[in-house]
Amino acid sequence: MIEPQNIDPAKVFDFYPSALPRYTSYPTAPQFKSGVGSSVLETTLENLTEEEPVSIYLHIPFCDRLCWFCGCHTKHTNKYEPIKNYIDSLCDEINLLGRKLNKTVTVSHLHFGGGSPSLIQSKEMRLIKQNLERYFAFDEETEISVEIDPSDATDDFYNAIEALGVTRASIGVQDFDPEVQRLINRTQSFELTEIVVKELRAIGIKSINIDALYGLPKQTNERVESTVQQCISLKPDRMAMFGYAHVPWFKPHQIMIKEDDLPGQNERFEQMQNASRLLVQSGYNSIGIDHFALPNDSLSVAQKKRTLRRNFQGYTTDSAEVMLGLGASSIGRSPSGFMQNTVATNLYQKRIAAGMLASDKGYKLQPVDLYYGALIERLMCDFHVDFASLPFASDERVSESVQLANKFAAADPFQLVKVSGTSLHIPPQAKPFARIVAAQFDQYLKRSTVRFSKVV
Ligand SMILES: C[S@@+](CC[C@H](N)C(=O)[O-])C[C@H]1O[C@@H](n2cnc3c(N)ncnc32)[C@H](O)[C@@H]1O
Ligand code: SF4
């Protein structure tokens, strides 16, 4: 993400669509069809083996505040009862799913996402783990990660995650500037964030990630830089620097953010570049399009070995072929396809209470999807791909990809790619535009009428 000096972003955004998928999956979620998820899940569970570890994603769709920028599936609540009831449903779902497994499967990664899993109290946290342990094996290799809103963290929560054996904590910062915080309805001091980081380290959490945003209302280069400097002073192992996705047609509470306050496309680009420069100067490696990691962090190691992966949570080292998604709106994935649970939390709970699994939408992957999915994933992770080395590569697919790459390169005034034989390379100055390159290989995008978020 550094040294974009040769490419004028304004011209790129004039020439190409400025809003495209983030390619955290391929095909992307708008291609999922109702009713397909349950059969994908059945096939996925049938094909599990004791030798192949799986990863599990658990979604907690509750927060005790509603940040106006938020694009996650969550609901505001000041009471614990709905959360407690929801955890009961989650445990029922674990049992429904577990009873369909006639073997013990090892978990490589367990991720609590949200929403704010930091609202779960220790009693419920233990309940979740106990239910999972009935059907799944956890070992010293299992990574357990949890997303934390620093404003929720209590002693009870620290006890809970210590008992759970959490290995990585991801804390939300977004921006420390008071005016920006007022405009996004999220007050969070640096001091509080610092205390949370210290507490997490004190209970032995080895790896800490911080999320920050650019492109927020009234953000300026100076404000983004100052936030990033403050984050760096906390020495996180990883940082994610996401571009604010303003999608009020999809997340109506975002209308609370005035569009006039939002930085323009070029300002967003500069904010990202400056943040990136600061992080790289401070010793972080730039990972993919929006992550940064210290050299000894496993993300940096995976990037070097070209084993980095990209999934719905962003960049990861998780190489499990199967991810089981539990909770409302969770998306799971396997070589058979994608399966998404019912999105609305009340409907999800009703289905579970009726003894039914909650998969609804889904997508059955065909070999051609697995090929283009791997191509796009390598581009987004390595900025380089050799078509001939991809899974499900056939002469026909490789030559189709070479044609697509050459056609794009010939018409592209910015030299975003270099094509050589069956390989395609995105040079360092073009990395911020990787989504534009990936979109050339998306077999569904032209037929899609869905609106996406800004490329940068
Ligand atoms: C589930 S939330 C974080 C956990 C916790 N609830 C918190 O806010 O601290 C995950 C991350 O998604 C990112 N995010 C949320 N809404 C976004 C949006 N509209 N555009 C880009 N990133 C967004 C934020 O950086 C946020 O920290
Ligand atoms: S950013 Fe985090 S705390 Fe804020 S509403 Fe979204 S999930 Fe909840």
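The values are calculated or read from the model by the stated rules, or taken from the named source; none is laboratory data. Predicted model only: the values in this text are computed from it and were never measured. So basically every Cβ, Gly included, is an ideal-geometry build from the backbone, and we count neighbours across all protein chains shown. The accessibility values were calculated without ligands, DNA or RNA, using every heavy atom of the protein model including side chains. Shrake-Rupley method; radii C 1.70, N 1.55, O 1.52, S 1.80 Å.
In the range 239-272, the qualifying residues are those that are free of Cβ contacts under 8 Å to residues at least 60 places away in the same chain and in contact with an Asp or Glu (Cβ under 6 Å, 6 or more places away or on another chain), and the one that is least open to solvent (accessible area, probe 1.4 Å) is Met241. For Asp211, indicate whether it is within 16 Å of ligand 1 (Cβ to nearest atom), open to solvent by less than 10 Å² (accessible area, probe 1.4 Å), in the same structural domain as Asp261 (by TED's automatic domain parsing) and among the charged types (D, E, K, R). Answer is no for this residue.
Of all positions in the range 142-150, at least one carries a residue that is assigned by TED's automatic domain parsing to the domain that holds Thr317, within 25 Å of the chain's Cα centre (by Cα) and more than 22 Å from Val196 (Cβ to Cβ). Pairs linking a residue in the range 217-232 that is assigned by TED's automatic domain parsing to the domain that holds Val280 and touching a residue at least 24 places away in the same chain (Cβ under 8 Å) to a residue that is in a helix (DSSP H, G or I) and of a type in the set (Asp, Glu), with Cβ atoms under 7 Å and 6 or more positions apart or on different chains, are Pro217/Asp261; Lys218/Glu179; Lys218/Asp261; Asn221/Glu270. I'd like to check something: does the range 394-401 contain any residue that is among the hydrophobic types (A, V, I, L, M, F, W, C), open to solvent by 10 Å² or more (accessible area, probe 1.4 Å) and not assigned by TED's automatic domain parsing to the domain that holds Phe112? Yes, the range 394-401 contains a residue that is among the hydrophobic types (A, V, I, L, M, F, W, C), open to solvent by 10 Å² or more (accessible area, probe 1.4 Å) and not assigned by TED's automatic domain parsing to the domain that holds Phe112. Scan the range 273-287 and tell me whether some residue there is open to solvent by 10 Å² or more (accessible area, probe 1.4 Å), among the charged types (D, E, K, R) and over 12 Å from Tyr214 (Cβ atoms). Scanning the range 273-287 turns up at least one residue that is open to solvent by 10 Å² or more (accessible area, probe 1.4 Å), among the charged types (D, E, K, R) and over 12 Å from Tyr214 (Cβ atoms). Kindly establish whether Gln254 is modelled with pLDDT of 95 or more, out of contact with any strand residue (DSSP E or B) (no Cβ under 8 Å at 6 or more places or on another chain) and either in a loop (DSSP other than H, G, I, E, B) or not β-branched (Val, Ile, Thr) (or both). So Gln254 fits the description; yes. Note on the range 95-113: among residues that are touching a residue at least 40 places away in the same chain (Cβ under 8 Å) and open to solvent by less than 10 Å² (accessible area, probe 1.4 Å), the one that is nearest to ligand 2 (Cβ to nearest atom) is Gly113. Of the residues making up the range 209-234, those that are out of contact with any Lys or Arg (no Cβ under 7 Å at 6 or more places or on another chain) and part of a loop (DSSP other than H, G, I, E, B) are Leu216, Lys218, Gln219, Thr220, Leu234. Scanning the range 61-94 for residues that are of a type in the set (S, T, N, Q), open to solvent by 20 Å² or more (accessible area, probe 1.4 Å) and away from ligand 1 (no atom under 16 Å from the Cβ) yields one hit, Asn85. Scanning the range 402-434 for residues that are touching a strand residue (DSSP E or B) at 6+ places or on another chain (Cβ under 8 Å) and crowded, with 22+ Cβ neighbours inside 10 Å yields Ala405, Val417, Leu424, Ile426. Restricting attention to the range 340-355, which residues are aliphatic (A, V, I, L, M) and either closer than 19 Å to Ala29 by Cβ or touching a residue at least 24 places away in the same chain (Cβ under 8 Å) (or both)? Correct list: Val343, Ala344, Leu347, Ile352, Ala353.
Say we look at the range 2-16 and pick out the residues that are touching a helix residue (DSSP H, G or I) at 6+ places or on another chain (Cβ under 8 Å) and modelled with pLDDT of 85 or more; which of these is nearest to Ala275 (Cα to Cα)? My answer is Pro9. Scanning the range 338-360 for residues that are part of a helix (DSSP H, G or I) and closer than 24 Å to Leu445 by Cβ turns up nothing.
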